[in-house]
Each structure stands twice: as C-alpha cells, then as structure tokens.
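Peer 1: Before I ask anything, here is the structure I am working with.
Values quoted throughout were computed directly from the atomic coordinates according to the rules given, and no laboratory measurement underlies them. This is a predicted model, so every value here is computed, not measured. Neighbour counts are summed over all protein chains in view; Cβ atoms, including those assigned to glycine, are modelled from backbone coordinates with ideal geometry.
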Amino acid sequence: MASSDNDKQQPDSVSSVMKVFGILQALGEERDHGITELSQRVMMSKSTVYRFLQTMKSLGYVAQEGESEKYSLTLKLFELGARALQNVDLIRSADVEMRELSRLTKETIHLGALEEDSIVYIHKIDSLYNLRMYSRIGRRNPLHTTAIGKVLLAWRDRSEVQDILREVEFRRSTANTIVTADALLTVLDQVKVQGFGEDNEEQEEGLRCIAVPVFDRFGVVIAGLSISFPTIRFSEDAKNEYVAMLHRAARNLSEQMGYHAYPF
C-alpha cells in the first residue's frame, strides 16, 4: 500500500518540533548563546540552528542582541505558561461555582475564554434536563453569536475590539444573528452598561444564553460565565434570577482571582 503525503511528511515534522524544543531548552539553561555554541549543544548544523532561530525570532520567542550572534529567550514562553497556569487555577475555582449554579438551575453552565477571533469553552457542567444543548470543552464558537463572546469583548478597549473583529467572519447562523461589526459594537456598549451579555437565539434557534464577565487581579476580563437553556424554559423572571446568580458566582470567582472590585 502506498503511503500518503501526510505519512511522508510526519517524520520531518516531528523532527523539526524536536529540534525547536532542543534549541529552546538550550537557551533556557543559559541566557546567551551564539549559533556555533548552540549547534554544538544540540548537535545540529549551524545553518539549521540559524534557520530555526530566525523563525523563533520572528514569532517573538527569541531575541537577538544587536548585530551579534548572541540569542536569548524572551518572556513570551513565560507568558504562555502563566496563561496556562491561570486557566488551571481559574477552572479549579470555577468548578465549585459552576456546580452550585447547576444545582440551582439544572441548566448547562459554561466557562469560556477568548482565543484569537473566537471563544473556546474551557469548562462545562451539563444540564440535568433531558432537553439540553450540545457543546464540549475545547469547542470554539463565534464571538458575535454568543453571550460569552460579547462579555469577553465588552470590557476591552475599543481599538483592541476593532482589531479582533477585523478577523471575524460574521456568518449568519439564525435570523437573529448580528452580521456587522458596527451592530455588534453597539450591543457591546449595552452589555457593559447592563453587566451581562445575551445570546437570543443568535447561535442556534430555540436556545438562549446569558453570560457575565470574570475578572483577573488586574481588572481584565479573562473569562465569561454563562447559563444556557432552551427558549421553552425562558421567562423574564428566570432571566433576572439567572443574572443575579451569575453575578454572585462571577464575583466570588473574580475575588479568588485577586479582583475585589466586581462592578455588579
């Protein structure tokens, strides 16, 4: 049986990844390295080391000191590690609050974070009802159609939001979907004032969602906490009650993240 192109490419891809991490590890052991020294330590040719270093430099993981051959790690890897650690702490703390929300409402509870031009679900508690929404941890969804997406954007600087939205494809999922950046910006202003975001059958017909922001110790929104439920179980009284529950949980969670000035 003939091998596929992917099968042929995989060994080279794996080898390249191993080489990259070998260089990163060597740079992490000592602050400054020249290409000659690095090539000896990682047992690669100088041309290969140079090629990888230039790529890592363009991505911001490696810095070059002036015109010298000395290279060192930047703080970008630290930032990635700190973000991952923050998410671990966030999920661990959020799980308690989310299970309490689940007990009180029996509805689907999500925790979502911003990932480039989408949201990604980083934790979920399933509905206790038979009629529930389909979703999974790690799934991505659009910013413009989701309640979590709206709260993740609403507290950011307008210039940053506009930069993010330039990468967003405003696909229409239902008749209620927001399909322009200008319309979404208007909604974001309202979200920030009222303190919560809504998905009113904008992602999926028959499904509604309410979300509130979670802040880190610097007052930056790092996640959205939401309750999702079918429209047949919606009422204005339930909506107001859910908003209050979400704020209580998000306030507790934000305080655990080091933020003690939750605005709602």
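Peer 1: Could you check the simple spin-label distance between GLU167 and ARG139, using points 7 Å along Cα→Cβ, in nm with one decimal?
Peer 2: The answer from the label model is 2.2 nm.
Peer 1: What is the helix-to-structure angle for 76-105, meaning the angle in degrees between its Cα long axis and the longest Cα principal axis of the chain, kept from 0 to 90 and rounded to the nearest 10?
Peer 2: Helix 76-105 and the main axis of the chain meet at about 20 degrees.
Peer 1: Continuing with this model, one more query. Based on the Cα coordinates of the chain, what is the per residue volume of their convex hull in Å³?
Peer 2: Roughly 188 Å³ of hull volume per residue.
Peer 1: Further, regarding this structure: Among ALA250, ILE232, ALA211, whose Cα projects farthest towards the positive end of the dipole of segment 176-264, with charges put on the beta-carbon of Lys, Arg (+1) and Asp, Glu (-1)?
Peer 2: ALA250
Peer 1: Something else: Roughly what angle does helix 236-256 make with the longest principal axis of the chain, taking Cα atoms, 0 to 90 degrees, to the nearest 10?
Peer 2: That works out to roughly 40 degrees.
Peer 1: For segment 123-232, which GluC sites (Glu not before Pro) pass both filters: DSSP loop (anything but H, G, I, E, B) and at most 15 other C-beta atoms within 10 Å?
Peer 2: Here the GluC sites (Glu not before Pro) that fit, given the DSSP loop and packing criteria, are GLU167, GLU169, GLU205.
Peer 1: Let me have the 222 nm mean residue ellipticity of the chain computed from DSSP H runs of 4+ only, each contributing -39500 (n - 2.57), with the sum over all residues rounded to the nearest 500.
Peer 2: -16000 deg cm²/dmol
Peer 1: While we're on this one: What is the magnitude of the charge dipole of the chain about its Cα centre, with +1 placed on the Cβ of each Lys and Arg, -1 on the Cβ of each Asp and Glu, and no other charges, expressed in debye to the nearest 20?
Peer 2: Computed charge dipole of the chain: roughly 420 debye.
Peer 1: From the phi of every residue in segment 202-207, what ³J(HN,Hα) in whole Hz does the Karplus formula 6.51 cos²θ - 1.76 cosθ + 1.60 yield, where θ is phi - 60° and glycine or proline is x?
Peer 2: Values, residue by residue: 8, 9, 8, 4, x, 10 Hz.
Peer 1: Have a look at LEU111, LEU188, PHE170 and report the one farthest towards the positive end of the charge dipole of the chain, computed about the Cα centre with Cβ charges (Lys/Arg +1, Asp/Glu -1).
Peer 2: The residue sitting farthest along the positive end of the dipole is LEU111.
Peer 1: Something else about it: Relative to the present Cα-Cα distance, how much length would full extension add between ALA63 and ASN130 at 0.36 nm per residue of separation?
Peer 2: My answer for the length gained is 18.7 nm.
Peer 1: Still on this structure, I have one more. Treating only the Cβ atoms of Lys and Arg (+1) and Asp and Glu (-1) as charged, compute the dipole magnitude of segment 120-244 about its Cα centre; round to the nearest 20 debye.
Peer 2: 360 debye
Peer 1: Within a 10 angstrom radius of the beta carbon, how do HIS110, HIS33 rank from fewest other beta carbons to most?
Peer 2: HIS33, HIS110
Peer 1: Sequence gap at least 6, Cα distance under 8 Å: using those rules, report the relative contact order of the chain to the nearest whole percent.
Peer 2: Relative contact order here is 14 percent.
Peer 1: Go through segment 151-204 and name the chymotrypsin sites (Phe, Trp or Tyr not before Pro) that are in a DSSP coil and have 16 or fewer other Cβ atoms within 10 Å of their Cβ.
Peer 2: Here the chymotrypsin sites (Phe, Trp or Tyr not before Pro) that fit, given the DSSP loop and packing criteria, are TRP155, PHE170.
Peer 1: Could you work out which residue, out of ARG233, ARG248, ARG208, moves most in a Gaussian network model of the chain, that is, has the largest mean-square fluctuation with Cα springs under 10 Å?
Peer 2: With Cα springs under 10 Å in the chain, the top fluctuation among ARG233, ARG248, ARG208 is at ARG233.
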